[in-house]
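In what follows, a structure is listed as structure tokens, so that the remarks can point back to it.
Read-outs throughout are calculated quantities, based only on the coordinates presented, and are distinct from any laboratory measurement. Remember, predicted model here, so these are calculated numbers, not experimental data. Cβ atoms come from the backbone with ideal geometry, glycine included; neighbour counts cover every protein chain shown.
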Amino acid sequence: MNFNVRMLKNGIKRMATELDVLSGICGKEKMKAVKGMTSWNVETIRADFPVLSREVNGKPLVYLDNAASSQVPRTVIDRTSKYLAEEHSNIHRGVHYLSQHATTAYEAAREKVKRFINAKEAKECIFVRGTTEGINLVASSYGRKFIGEGDEILVSAMEHHSNIVPWQAIAEERGAKIRVIPMNERGELILDEYDKLLNARTKIVAVAHVSNSLGTINPIKEMIETAHKFGVPVLVDAAQSVPHFPVDVQDLDADFFVFSGHKMYAPTASGILYGKREWLDAMPPYQTGGGMIRTVSFEKTTYAPVPEKFEAGTPAIAAGIGLGAAIDYLNTIDFEAAASYEHSLLEYAAARLSDIPKVKIIGTAEKKASVLSFTIEDIHPHDIGTILDQDGIAVRAGHHCAQPVMQFFEVPATARASFAFYNTKEEVDKLADSIQKVIEVFE
Ligand code: C6P
């Protein structure tokens, strides 16, 4: 096809889509959101994810539980299967062909992670099973070396339990104290209070990049800069940011940066703890055993350098290679455009749900990503989730492993829709219609 004719055809197609989506919608916010959605070819992207074409309860699946676990593209499924079918072997141990091949593939995945988050060295990227394991590693290892009696650990009011409980455990063990950065009614951290909490006793700040229960994007670059003025390192829980927009650990100057593969289109049991080399070198091992040693005798053991020091035992090899494939996949799409599309979708969903009487959105920060938590008067979120499920719509209902957030907003739980770049405006409309149905059932 002639290039100009093709451009013209694409332009007409785009205009038609735009007109189509604009029809039946009113309100400035909705119009703005819809406009942002039209330059992303969501149908092409959806075709990459096999599960999205299935039905649930006789209805097309509407998957809005991406904050819990995102779906996996065909390329990742194929790469993981290929490893299991043709390349499976233990790594870092064998001289034989398969072992060397698997080692190369696994280490190539580490290199991909390094480039994806812009770490200085691949050695700074430790493979872990997920965010929970990564935070436990830092809390335990950094904590045993650097946290003592009377020291303080700063966490925020909107943390996932995985970024609270490991710190409580080490605080109890070491005689340290947890201090909490408060938030306002919109679900935004109060930075003036944060500044006041930092002091000479503060030994680490542990904060979410994006809240899984509210969707708030925290100003972590600014928070890291402030902490560094006090010489305090910062751990960023990036479980909910890495899947949704590009990140750069050097630009953020994060000391530790942790995320899970299964929320970024990779298999479960894959995840990364990034740590600045100087911290990782200074920290003792977390788990000990095979793979993390240099020499062992009954008198004395010496440890391997990073990353091996923190990777005791046989790792989740297929999952690690799958994580590399997920990064390859993200590199084939325009991730900035994906983020902008997703944001428009979130704004559209917020506008649609705000129009429904009785629905209350929990978490109205100015800067948000992916997550829309809501309640419907006194209807229990589990009932909301169950009725939506009958329409093939998957949302999460509960406390989202963030009970302090529920306590702050004085709700037992919320329903939560969380979006990925493969979700559509039509799916948001189905969500809104189904919520209407929930209200009618309980009237
Ligand atoms: N949040 C959710 O539905 P793991 O389970 O280790 O992969 O990730 C734990 C975790 C840590 N921090 C944040 C901000 C998270 O969102 C999660 C996982 C899921 O919100 C499951 S509770």
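List of remarks:
- The value given for segment 91-202 is a Kirkwood hydrodynamic radius of 16.8 Å, derived from the mean inverse Cα-Cα separation.
- Candidates per GluC sites (Glu not before Pro) in segment 260-351, loop by DSSP, up to 10 other Cβ within 10 Å: E299
- Couplings for segment 355-366, taken from phi via the Karplus curve 6.51 cos²θ - 1.76 cosθ + 1.60 with θ = phi - 60°, read 6, 8, x, 5, 7, 10, 7, 9, x, 10, 4, 5 Hz in order; Gly and Pro are left as x.
- Relative to the longest principal axis of the Cα atoms of the chain, helix 381-390 runs at roughly 60 degrees.
- Anisotropy class of segment 195-298 from Cα gyration tensor, a/c 1.5 cut: oblate
- Extension reserve of the D251-D433 stretch, reckoned as 0.36 nm per residue once the Cα distance is removed: 61.3 nm
- Using C-alpha pairs below 8 Å separated by at least 6 residues, the relative contact order for the chain is 22 percent.
- The calculated FRET efficiency for A122 paired with Q100, based on their beta-carbon distance and R0 = 22 Å, is about 0.80.
- Near G324: Cβ cut-off under 10 Å, other residues only, Lys/Arg at +1 and Asp/Glu at -1. The net charge is 0.
- Segment 217-354: Lys pairs at Cα distance under 17 angstrom, eight or more positions apart or on different chains: 4
- Among residues other than N199 with Cβ under 14 Å from its Cβ, the summed charge is +2 (Lys and Arg +1, Asp and Glu -1).
- Calculated FRET efficiency for the pair N184/F335, C-beta based, R₀ 41 Å, to 0.05: 0.85
- Overall form of the chain per C-alpha gyration tensor (a/c, 1.5; a/b vs b/c): oblate
- Label-point gap, in nm, between A108 and K229 - each point 7 angstrom along Cα→Cβ: 4.7 nm
- Cβ-derived FRET efficiency at R0 51 Å, E86 paired with E410, nearest 0.05: 0.40
- Normalised per residue, the volume of the convex hull around the Cα set of segment 335-442 (Å³): 100 Å³
- Loop sites in segment 319-428: chymotrypsin sites (Phe, Trp or Tyr not before Pro), DSSP, at most 10 other Cβ within 10 Å: none
- Among G363, G130, G289, the largest mean-square fluctuation in a Gaussian network model of the chain, built with springs joining Cα atoms closer than 10 Å, belongs to G289.
- Angle between the chain longest axis and helix 220-229 axis [Cα atoms, degrees, rounded to 10]: 30 degrees
- Taking a sphere under 12 Å around the Cβ of R416 and counting the other residues whose Cβ falls inside, with K and R at +1 and D and E at -1, yields a net charge of 0.
- Helix 165-174 vs. the chain, principal-axis angle (Cα, 0 to 90°, nearest 10): 30 degrees
- Difference of contour (0.36 nm per residue) and Cα-Cα distance, K196 to K300: 32.9 nm
- Across segment 397-407, computed HN-Hα scalar couplings (Karplus, 6.51 cos²θ - 1.76 cosθ + 1.60, θ = phi - 60°) run 10, x, 9, 6, 6, 9, 4, x, 5, 4, 4 Hz from first to last residue, x flagging Gly and Pro.
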